[in-house]
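The values are calculated or read from the model by the stated rules, or taken from the named source; none is laboratory data. Computed from a predicted structure; not experimentally measured. Don't worry about glycine lacking a Cβ; one is built from the backbone with ideal geometry, like all the others, and counts go over all protein chains shown. Remember, those area values only see protein heavy atoms, side chains included, never the ligands or the DNA or RNA. Shrake-Rupley method; radii C 1.70, N 1.55, O 1.52, S 1.80 Å.
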Amino acid sequence: YMFSLYETQERFGAYLALVASMPLVAGGFSMFLPQAMVADVVPVEKRTATLGIVTALGAGSAWVIGPVFWAWIRKHYGLNTCSQFVFIFCILHLCIALTIPETLPAHRRSPAPVRLQDANPLRFFAVLTGARGTQELPGGRTTTGVFRCLFTMILVLYIAKMGLILSLGLYAQQSLHFSVGKAAALQTTYGVFQAAGQLSIPLLIRPFSKRTTIKGGLICGVASGLLISVPHTPDALLFVSEGLLSLSFVAFTVGVAMASELARPELQGEVLGVMSTGMSISSGVGPMVFGIVVKGFQQTSYPEGAFLIISAFVIISLIVSFVLPSDAEVQAGVTARQRAESKDVPELSMPNSA
């Protein structure tokens, strides 16, 4: 649908306006709700694999079907029909979400009525300041420090990732003269590899650690941008780049699972919410910023140089991933927290009443 908006120069402004509004969708219950439900009902040791399967079946299959579907609607019925279908799908999405039963166990629900200030999204960021409590981990780390690293990694990664996904289509159409259908096929390639990557997470974390798996996904993201930064890139390499980019999503899924494992049960919603908020902000900022960057580089003798900037962003995320805890440190933290909860021993350092 978005590719149809920037098919002509006159629609580029409408394209930027649309992607700037993406956080309203991406930051809502689209990603956060299934993650929170998995955290409610799936044991810690199976949570990473389950998140991978849910993401593959949901987001992965959507990227496979969606671009081709919207390209076909655009070709045969026009852009206005696309907009009408988008509205219908959003309403259907909301209706389905409203029918999902509550998964949070009764003993973990707050007996107090929900207050307006509790709905403040900025309240989520308290988990990044330590105001909601923190726990010491082996190696001198704290859960608050790990949450900050994961939030930063996801924020920067998604600025680059979403920027590359949508600006690559812009570059392909305006510099390589891709049709709308061929540009949509790029996104279908992304969806196929994303689904495969998410389904392979259980196989990856067995021989490798979660931290190593995250690094591997980020390295794929760096390679994605570098591959198409070579002048006169063959069309086929754009599809390879999309495949590599999709594998970087493994870092997000495993990172969210790590955050969920370290979070206390009563903070699951806030921790997962702030991670999804980071993804949401980037989903709007990335395409808007890099759409302008790619368009600016098209006026130079090296239009592919824009993708070097995108790779630089992923390198920042890769550097941050080196300070994440190992699986042994995460497991030690989970065990200590569970022991404290079962014995009702206040091993967690809580914020002062002041």
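Points worth noting:
- Filter result for Thr144 (modelled with pLDDT of 75 or more and either in contact with a Gly (Cβ under 7 Å, 6 or more places away or on another chain) or farther than 20 Å from Val314 by Cα (or both)): yes
- Remark: pairs (first residue in region 81-100, in a helix (DSSP H, G or I); second residue at pLDDT below 80; Cβ separation under 7 Å; 6+ apart in sequence or on different chains) = Cys82/Tyr1; Cys82/Ser4; Cys82/Trp70; Cys82/Arg74; Val86/Tyr1; Ala97/Phe29; Ala97/Leu33.
- Scanning region 280-310 for residues that are surrounded by 23 or more Cβ atoms within 10 Å (Cβ to Cβ), modelled with pLDDT under 85 and closer than 14 Å to Leu157 by Cα yields Ser280, Ser282, Ser283, Gly286, Pro287, Phe290.
- One residue alone among Leu98, Leu104, Leu94, Leu79 is open to solvent by less than 60 Å² (accessible area, probe 1.4 Å) and either out of contact with any Leu (no Cβ under 8 Å at 6 or more places or on another chain) or at pLDDT 75 or above (or both), and that residue is Leu104.
- Residue within region 175-188 that is of a type in the set (Val, Ile, Thr), in contact (Cβ under 8 Å) with a residue 12 or more places away in the chain and either surrounded by fewer than 21 Cβ atoms within 10 Å (Cβ to Cβ) or at positive phi (or both) present: yes
- Flag if Phe239 is open to solvent by 30 Å² or more (accessible area, probe 1.4 Å), within 22 Å of the chain's Cα centre (by Cα) and over 27 Å from Phe322 (Cα atoms): yes
- Checking each residue in region 190-208 for being open to solvent by 30 Å² or more (accessible area, probe 1.4 Å) and among the polar types (S, T, N, Q) picks out only Ser200.
- From the list Gly52, Gly66, the one residue that fits, being small (Gly, Ala, Ser) and under 17 Å from Phe252 (Cα atoms), is Gly52.
- Out of Ala196, Ala185, Ala223, sole residue that is in contact with a Leu (Cβ under 6 Å, 6 or more places away or on another chain) and among the hydrophobic types (A, V, I, L, M, F, W, C): Ala223
- Count of residues meeting criterion [closer than 24 Å to Thr233 by Cβ and either open to solvent by less than 70 Å² (accessible area, probe 1.4 Å) or small (Gly, Ala, Ser) (or both)] in region 316-333: 2
- The selection criterion, being among the hydrophobic types (A, V, I, L, M, F, W, C) and more than 19 Å from the chain's Cα centre (by Cα), holds for Phe178.
- Restricting attention to region 292-324 and to residues that are of a type outside the set (A, V, I, L, M, F, W, C) and touching a Pro at 6+ places or on another chain (Cβ under 8 Å), the residue that is farthest from Gln135 (Cα to Cα) turns out to be Tyr302.
- Considering residues of region 133-155 that are out of contact with any Leu (no Cβ under 9 Å at 6 or more places or on another chain) and on the phi > 0 side of the Ramachandran plot only, the residue surrounded by the fewest Cβ atoms within 10 Å (Cβ to Cβ): Gly140
- Failed item in (1) crowded, with 19+ Cβ neighbours inside 10 Å; (2) over 15 Å from the mean Cα position of the chain (by Cα); (3) modelled with pLDDT of 85 or more, with Thr253 passing the rest: (2)
- Hits in region 58-76 - residues which are open to solvent by 50 Å² or more (accessible area, probe 1.4 Å) and under 15 Å from the mean Cα position of the chain (by Cα): Ala62, Trp63
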